[in-house]
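First the structure, in the form of structure tokens, and then the observations on it.
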Amino acid sequence: DISPGYCWSFKASRSQVVIRLPAQVRPAAITVQHPLKKSSVLGDISSAPRDFTVSGVEEEGEEETLLGTFSYDIEKELKQTFPLQVREVCVGKRPGQK
């Protein structure tokens with residue numbers, strides 16, 4: 001179900017999402033957005049992310065680099081942007097990789 005309040009559902013309090021990028025990038029920030037309480041089918045926003053970390057790898061199998069630890073505040077704006085704490089890293093496929 002892709003209705004507001006049902007997307008990115010996790011069965012545990014700690015979960016992981018992996019996004020594989022088709023090209024190498026130098027990320028600067030991550031933006032998280034959650035729907036309004038009134039637009040949620042569930043009638044609440046308890047499924048909004050709270051504390052989360054963002055890591056990156058340059059190539060599959062390499063060690064992860066922690067890019068930042070953040071907290072989404074459900075009392076603030078629905079769309080929140082978090083500047084990454086490490087900016088020198090490239091993540092995703094290197095040019096020429098399959």
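Each value in this text was obtained by applying a stated rule to the coordinates, not by laboratory testing. Given the structure is predicted, the values throughout are model-derived calculations rather than measurements. For neighbour counting, all protein chains shown are included, and Cβ atoms are generated from backbone atoms with ideal geometry for every residue, glycine included.
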- Query: Could you give me the ³J(HN,Hα) list for region 13-26, computed from phi with Karplus coefficients 6.51, -1.76, 1.60 and θ = phi - 60°, whole Hz, x at Gly and Pro?
  - Reply: 6, 10, 9, 9, 10, 10, 10, 8, 8, x, 9, 6, 9, 10
- Note on the structure: Which residues qualify? For ILE30, with a placed amide H closer than 5 Å and at least 5 residues away or on another chain, they are PHE82, LEU84
- Note on the structure: Interchain or sequence-distant (5+) residues whose placed amide H lies within less than 5 Å of the amide H of LEU78 are none
- Extension gain (nm, one decimal) between THR53 and ARG14, 0.36 nm per residue minus Cα-Cα: 12.9 nm
- Note on the structure: Here FRET efficiency (C-beta to C-beta, GLN85 to THR31, R₀ 22 Å, nearest 0.05) is 0.90
- Query: Taking amide hydrogens as modeled 1.01 Å from N in the peptide plane, which residues meet the under 5 Å criterion relative to SER55, leaving out close sequence neighbours?
  - Reply: LEU67
- Residue separation between THR65 and GLU77 times 0.36 nm, minus their alpha-carbon distance, gives in nm 1.5 nm
